[in-house]
Amino acid sequence: MLRYVIRRCIGVIPTMFVLMTITFFMMRLSPGGPFSTNRKASAEIIANLNRHFHLDEPLWQQYLRYLWGVLQFDFGPSYKMRDYSVADLLIQGFPTSLKLGLAAILISTLVGVTLGTLAALRRNSWIDYGASTVGLVGIAVPNFVLGPLWQLLFGVMWGLLPVAGWGQSWTQMILPVVSLALPNIAYIVRLTRGSMIESIRSNHVRTARAKGLGERLAIWRHALIGGLLPVVAYLGPATAGIITGSIVVEKIFSVPGIGRYFVEAALNRDYTVVMGVTLLYGFLIILCNLFSDIVYGVLDPKVRYE
Amino acid sequence: MSDSPVPANPAPPPQPAAAGGAPILSVRDLAIRFRTADGTVTAAADVGFDIRAGEIVGLVGESGSGKSQILMSLMGLLASNGHASGSAVFRGEEILNAPARRLDALRGASMSMIFQDPMTSLNPYLRVSTQLVEVLERHRGMTRAEAMAQALAIMESVRIPDAARRIRLYPHEFSGGMRQRVMIAMALLCRPALLLADEPTTALDVTVQAQILELIADLARSIGTAVLFVTHDLGVVARLCDRVIVLYGGRIMESGEATDIFGDPKHPYTRGLIDSTPRLDERSHGELRTIPGQPRAAQLAPMGCPFEPRCPHRVVRCRTERPAPQEAGLRQLACHEVRL
Ligand SMILES: Nc1ncnc2c1ncn2[C@@H]1O[C@H](COP(=O)(O)OP(=O)(O)OP(=O)(O)O)[C@@H](O)[C@H]1O
Ligand code: SF4
Ligand SMILES: [Mg+2]
């Protein structure tokens, strides 16, 4: 198991390298540059700025320069937000994004697994239909529709919750977290329900019943692990969904995380910021996948011993 | 192994095998029906038999004849669309459709079952030790340490080599034969009065099959456990069983002592089975699949004799009139044409 973890950790390095390289060149392929939208600046000033940030060098040279910086954990300055380095921006925004994302993952896992398991145990009951409905709505209706709808209902019409903002009161967290969690809850409910139903019907759970263990032990000890493995496997990729979702949700609810920067930076061709956010998000996704694989290995001995 | 096959146990000692003693299981008018999208499927009907302590009874019949579902109904494990009617009295207590709490006190303790598929019947996520120990904790109120010692002893008695190490392993680290031994060990842990064994060896290769069968028979005899033994394999029945029940289309065609049935098969279906089985001294095991015609689909629920479409002796009334069971001593027969 330990060897496996170490091997997987080492595997992170080439993946990050590939991610960095692809993002670097893809970004440069799109037209425009960080200073081309600035109409007030004269051609001379733009040329100066480009020279100052080495943007006049051949691409491969810029790439090597960037790579060298990253190896020393220097992600460069922001081209647009003067006086800030990329690291400053990430350090400032990341705790907020992390809090939002973790809360969303935690809530979607807890609610999703509970609802999905109950739906599987009481098939065709009101709880099953209720969970399925939540599942359908959560998957079918995107964040950028539901988010403003929540704002309108809970914030404007009923005045129950703050419409937007962050950091003044914990109630400000509710709408963004729920918006971010909902599509995941939906997915996890469906996943859990399906795999729990299969697990409850499996031969080894029948054996547990035949041993007279009683329905409770048969479910808790013998059906749950098998039923939850697909959920554990999904939690890795789910972080990718949470992260992309949080870019939208942060924008809608004016949450000062890094998702916000990402959109602006991409539009402004603020290369270094885009790279920094991509690398950070990429690293998180890889880390979460690794984590979910390890948990999977702990639960499933067949994987563990391979 | 011959002197003490199963560890000592604080449970009440089982009744010694006594031929002709009161039956420990008495099944009457058992019928099993499934609700399906296409209507009701009758998997078994009018099934009745007795099993006495220490007896090994073979239940034979082609695939789909209802063997597994009969065992499942006795264990209270029918699928949720299934329903059993009739009666099954186990040691004086009605167990058919008994409340789950009552069944849970019996299942795994005084009656247990070995399933058809050893590869999937153990929990892949838990150590074998956990899966054995929980039975003793549940039914015998043992501490973990006591239960562990007894689980180890039973692993040894089913001849799992290196049991002390293997008990800590997970099921996927066992071969099919070893997994089935674990299942047998699990079923016998509490020295049940009744063991339901559903084709315990079909999934295994031939050399292992014989060993496992002998093992079940040996252990059952030494504990005094009665066994209801489901199989396709007539050779096995002839070797191990005291009595035989021949099932066709969910109904009993013929039953009696093994020596009588094999020495003088009466029912056309039984005769077909025995004729299509290689002779026992040829040391190969015949599958019951070579009688001309197809096994009858259960859902047709024929009015007459279920074997009629394939019977070489059929007469007109076989199609419309169900043959009444004839009885002579331990022998039973349901046929219009053949007399006991
Ligand atoms: N859940 C179910 N719903 C509908 N029909 C079922 C169900 N379970 C079993 N049956 C039907 O009951 C009949 C008897 O099945 P059973 O499993 O007892 O056969 P079997 O004699 O054990 O066969 P095999 O030798 O193949 O194991 C079959 O026709 C089967 O289709
Ligand atoms: S009752 Fe008729 S059809 Fe059935 S076995 Fe006897 S002779 Fe054949
Ligand atoms: Mg079967």
>> Considering only residues that are part of a helix (DSSP H, G or I), open to solvent by less than 50 Å² (accessible area, probe 1.4 Å) and touching a Leu at 6+ places or on another chain (Cβ under 8 Å), which ones fall in the stretch A:151-171?
In response: A:151, A:155, A:171
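Residues checked against (1) at negative phi; (2) at pLDDT 90 or above; (3) within 14 Å of chain A (Cβ to nearest Cβ); (4) open to solvent by less than 10 Å² (accessible area, probe 1.4 Å):
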site: B:197; (1), (2), (3), (4): yes, yes, yes, yes
site: B:201; (1), (2), (3), (4): yes, no, no, no
site: B:205; (1), (2), (3), (4): yes, no, no, no
site: B:211; (1), (2), (3), (4): yes, no, no, no
site: B:227; (1), (2), (3), (4): yes, yes, no, yes
site: B:243; (1), (2), (3), (4): yes, yes, no, no
site: B:246; (1), (2), (3), (4): yes, yes, no, yes
site: B:249; (1), (2), (3), (4): no, yes, no, no
site: B:269; (1), (2), (3), (4): yes, yes, no, yes
>> Please determine whether any residue of the stretch B:63-77 is in a loop (DSSP other than H, G, I, E, B) and closer than 17 Å to residue A:205 by Cβ.
In response: yes
>> Just checking: which of the helices (runs of 4 or more DSSP H) contained wholly in the stretch A:204-306 hold 3 or more residues that are away from chain B (no Cβ under 14 Å) and open to solvent by less than 40 Å² (accessible area, probe 1.4 Å)?
In response: A:224-252, A:258-268, A:271-299
>> Please pick out the residue among A:193, A:122 that is within 30 Å of residue B:107 (Cβ to Cβ), more than 14 Å from chain B (Cβ to nearest Cβ) and open to solvent by 40 Å² or more (accessible area, probe 1.4 Å).
In response: A:193
>> Against the conditions (1) open to solvent by 60 Å² or more (accessible area, probe 1.4 Å); (2) under 30 Å from residue A:179 (Cβ atoms), where does residue A:61 fall short? Just the number, please.
In response: (2)
> For residue A:35, all conditions in the list (1) out of contact with any Leu (no Cβ under 6 Å at 6 or more places or on another chain); (2) in contact (Cβ under 8 Å) with a residue 12 or more places away in the chain; (3) surrounded by 10 or more Cβ atoms within 10 Å (Cβ to Cβ) hold save one; what is the number of the exception?
Replying inline: (1)
> Regarding residue B:103, is this residue touching a helix residue (DSSP H, G or I) at 6+ places or on another chain (Cβ under 9 Å) and either open to solvent by 40 Å² or more (accessible area, probe 1.4 Å) or near ligand 1 (Cβ under 9 Å from one of its atoms) (or both)?
Replying inline: no
> Got at least one residue in the stretch B:173-187 being over 20 Å from the mean Cα position of the chain (by Cα), surrounded by fewer than 18 Cβ atoms within 10 Å (Cβ to Cβ) and within 14 Å of chain A (Cβ to nearest Cβ)?
Replying inline: yes
> Pairs, please: C-beta under 8 Å, at least 6 apart or cross-chain, first residue among the β-branched types (Val, Ile, Thr) and in the stretch B:309-336, second away from ligand 1 (no atom under 16 Å from the Cβ) and open to solvent by less than 50 Å² (accessible area, probe 1.4 Å)?
Replying inline: B:315/B:336; B:320/B:304
>> Taking the conditions exactly as written (of a type in the set (Lys, Arg), in contact with a Gly (Cβ under 8 Å, 6 or more places away or on another chain) and without any contact (Cβ under 8 Å) to a residue 40 or more places away in the chain), does residue A:302 satisfy them or not?
In response: no
> Counting only residues that are among the hydrophobic types (A, V, I, L, M, F, W, C), away from ligand 1 (no atom under 11 Å from the Cβ) and within 14 Å of chain A (Cβ to nearest Cβ), how many does the stretch B:32-76 have?
Replying inline: 2
> So which residues in the stretch A:75-126 are in contact with a strand residue (DSSP E or B) (Cβ under 8 Å, 6 or more places away or on another chain) and on the phi < 0 side of the Ramachandran plot?
Replying inline: A:75, A:77, A:78, A:84, A:85, A:86
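The values are calculated or read from the model by the stated rules, or taken from the named source; none is laboratory data. Predicted, not measured: the structure shown is a model, and the values here were computed from it. With ideal geometry, Cβ positions are generated from the backbone for all residues, glycine too; neighbour counts draw on all protein chains shown. SASA here: full protein model, heavy atoms, side chains in, ligands and nucleic acids out. Shrake-Rupley method; radii C 1.70, N 1.55, O 1.52, S 1.80 Å.
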